[in-house]
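Comments concern the structure below.
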Amino acid sequence: MSESLNTTFAILSKSRNDAAIAVLFPLLESPHPNIAEAAVRALLDRRSPRGTRELLRRLPSMDERWKNIISARRGRMTAVLRDAILGTDDQQYKNACQAILWFREYDLVPALINSAEDPANPQAGLAAQTLRDLAQMLYEELAGPRDYKERRDPQVVRKHVVTTIEASILRFDKHRCREIVESFLVLAKSSNSQLRKILADPYNASFLTVVDVLTHNAQPGVMSLLLNFMDDPDSPHAALNALAHRNDVKFIKCLVEHVGDQPSAHHLTNLKRIKQIAWATTGHRALATFDDAAQFAAVGLVMLSGLGQFEKFEFIELLLNHGNVGGRRAAAKALADFSGADANALAKQLLADPDAQVQAAAVSQLRPRGIPGALTTLLEMIDSPFEEVRQAVRDNLDEFSFKRFLGAFDMLEDDVRQSTGALVKKIDPQTVPTLVNELDAPARSRRLRAMEVAEALDVVAELESSILQQLGDSDHMIRVMAAQVLAACNTAATQRALREALLDRSVIVQEAAEASLQILVNSPPVDRPVAPAPADGSEVEEAPVEEAPVEEAPVEEAPVEEATP
């Protein structure tokens with residue numbers, strides 16, 4: 001605007017002559033936004049009730065620029081808003097309630113409460129609703145980061161508002177306004193003395209309404225209040241009951257996050273005090289709406305609660321039969337805490353569950369439960385397509401570990417070595433790696449036994465490279481054993497090494513090599529499960545077996561049968 005217009009509006013805003021208001025009103029209709037906005041500022045600066053009432057009348061049709069101007073000077077509207085709340089003009093009443101929310105006029109909470117408590121007020125319901133919405137706005141300010149552009153401290157405002165509402169709660173038997181209770185619970189802390197007094201007295205006029213709001217209201221402030229009772233070592237029993245009877249998924253998820261994976265001592269104490277959980281009842285619809293994570297966490301809450309064992313088992317059985325993947329996984333693990341024929345039957349049933357983790361949990365329980373045929377079932381499941389299941393089988397068949405087998409090997413009969421060794425090889429994935437380490441051991445006895453074990457377990461082909469190295473050992477007995485066990489590995493590399501061993505300086509090594517070559521000539525090639533020792537392609541593709549001197553006269557004269565009885 002021009003300097004002359006600025007001067008004019010400055011005079012109009014400061015003039016003590018009420019005629020200035022009559023000049024400003026028509027300017028609100030100006031087609032020039034700058035002039036209309038200057039008129040709004042001038043009316044606010046005059047602090048005239050007549051001017052602010054006119055702005056309030058126009059509030060529903062205001063654009064955002066006007067609202068921002070008024071919001072920056074909202075304190076100058078307080079008096080007219082209070083008058084409208086206490087007045088009889090319905091339209092101005094509605095405009096005032098709308099303005100209170102727009103401008104977050106927390107100072108008008110007492111006026112709203114008085115209006116909501118008045119049974120003769122036709123707008124009492126609107127006042128109550130406005131109070132509840134205003135309380136929710138204040139909670140959002142408290143929950144979020146503070147906006148320091150606002151000079152008022154939301155914590156100080158909260159204290160003032162809660163104190164005001166507390167006085168109204170004491171008059172609940174007269175007004176019976178639920179919205180006032182909701183506003184109170186949105187902003188009150190769990191340590192609030194008035195709230196704890198109500199929860200401790202079932203005969204209090206507001207007790208039933210307070211408990212009902214705590215049980216069903218989904219506003220974040222109410223849910224936060226209820227969750228905070230979990231941190232209280234002296235939490236009112238009524239608050240815990242309200243918590244236990246909530247069945248909305250949103251609250252259950254908040255409860256799970258609040259308790260966490262490692263519940264505090266207070267959490268554990270309060271959970272034990274909960275003797276009934278609404279959504280843990282068979283047939284309750286809420287449980288079916290829980291997602292995987294919610295059902296998984298729900299199992300943990302139930303198991304930590306004070307429910308009886310029978311109720312807990314019913315809940316676990318319900319989830320195992322009708323739960324989603326997350327629920328069944330948690331329930332399968334929790335099943336380990338129950339014994340008896342019904343629990344055993346459930347454990348066996350879970351072996352056919354489509355989820356690998358559920359199967360694994362069931363596998364882990366078979367032997368501890370003493371279920372007949374558990375060992376046979378475990379041995380069958382070692383071939384499961386799921387690694388989780390195979391690992392669970394291994395963990396529960398630790399007596400079939402290769403280290404134990406190796407320690408007892410010398411005391412076992414040949415048939416036991418083969419039968420037990422077959423199980424060990426299938427169960428313990430460290431069988432072959434451990435044998436590789438044994439073949440590298442400095443002790444002669446360990447290497448001899450390692451080759452003997454490899455032969456008993458039929459893993460010579462998998463250890464070919466390590467056993468071939470033994471043919472070059474300085475100890476002739478090591479070379480003899482290596483030549484003998486290599487009869488179980490019909491590859492080009494093994495045949496070549498055995499032919500070279502025919503020239504060994506030790507006669508018994510030569511004889512062992514002859515005997516093994518004789519066996520390999522009549523055996524099919526071995527399809528080794530592991531890669532052979534390094535060799536170039538041309539050497540592998542040669543067929544030197546037919547050229548080996550096995551069929552020459554000197555070999556035929558050798559006492560093969562005596563050398564290998």
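General observations
- With 0.36 nm allotted per residue and the present C-alpha distance subtracted, the Q276-Q469 stretch has 62.5 nm of extension available.
- Extent along principal axes [Cα atoms of the stretch 158-200; Å; largest to smallest]: 25, 23, 14
- Taking chymotrypsin sites (Phe, Trp or Tyr not before Pro) in DSSP loop states with no more than 10 other Cβ atoms inside 10 Å as exposed sites, the chain has its longest site-free stretch at 204-565.
- Axial C-alpha extent at least 24 Å, average Kyte-Doolittle at least -1.0 - helices from the chain (DSSP): 124-143
- Dividing the summed helix terms, -39500 (n - 2.57) for each DSSP H run of n ≥ 4, by the number of residues in the chain produces a 222 nm estimate of -19000 deg cm²/dmol to the nearest 500.
- Qualifying lysines (Cα of each under 21 Å from Cα of K272; at least 8 residues distant if same chain): K253, K312, K333
- The stretch 1-55 - Kirkwood radius from inverse mean 1/r over Cα pairs (Å): 10.9
- Subtracting the Cα-Cα distance of K174 and I371 from 0.36 nm times their residue separation leaves 64.3 nm of extension gain.
- Taking the convex hull of the alpha carbon positions in the chain and averaging its projected area over all directions gives 45.6 nm².
- Each Cα pair under 8 Å and six or more residues apart adds its separation to the average, and for the stretch 309-388 the resulting relative contact order is 23 percent.
- Restricting the trypsin sites (Lys or Arg not before Pro) of the stretch 20-51 to loop positions (DSSP other than H, G, I, E, B) with no more than 15 neighbouring Cβ atoms within 10 Å leaves R47.
- The simple spin-label model puts a point 7 Å past each Cα toward its Cβ; for L86 and V436 those points are separated by 9.0 nm.
- Across the stretch 1-126, counting alpha-carbon atoms alone, Rg and Dmax equal 15.5, 54 Å.
- Extension gain from H258 to I11, taking 0.36 nm per residue of separation minus the Cα-Cα distance: 82.9 nm
- Formal net charge of residues neighbouring A512 (Cβ-Cβ distance under 11 Å; K, R +1; D, E -1): -2
- Summarising the label geometry, the points placed 7 Å from Cα in the beta-carbon direction at R404 and S445 lie 2.3 nm from one another.
- Cα pair count fraction exceeding 15 Å, expressed as % - the stretch 144-235: 61
- Global form of the stretch 378-501, assessed from the alpha-carbon gyration tensor, a/c cut-off 1.5: prolate
- Computed as a quarter of the hull surface, the mean projected area of the alpha carbon convex hull for the stretch 304-408 stands at 7.5 nm².
- Ranked by how many other Cβ atoms sit within 10 Å of their own Cβ, fewest first, the residues T52, T209 fall in the order T209, T52.
Bear in mind that the values in this text are calculations on the coordinates, not laboratory data. Predicted model only: the values in this text are computed from it and were never measured. Glycine gets a Cβ as well: all are built from the backbone with ideal geometry, and neighbour counts include every protein chain shown.
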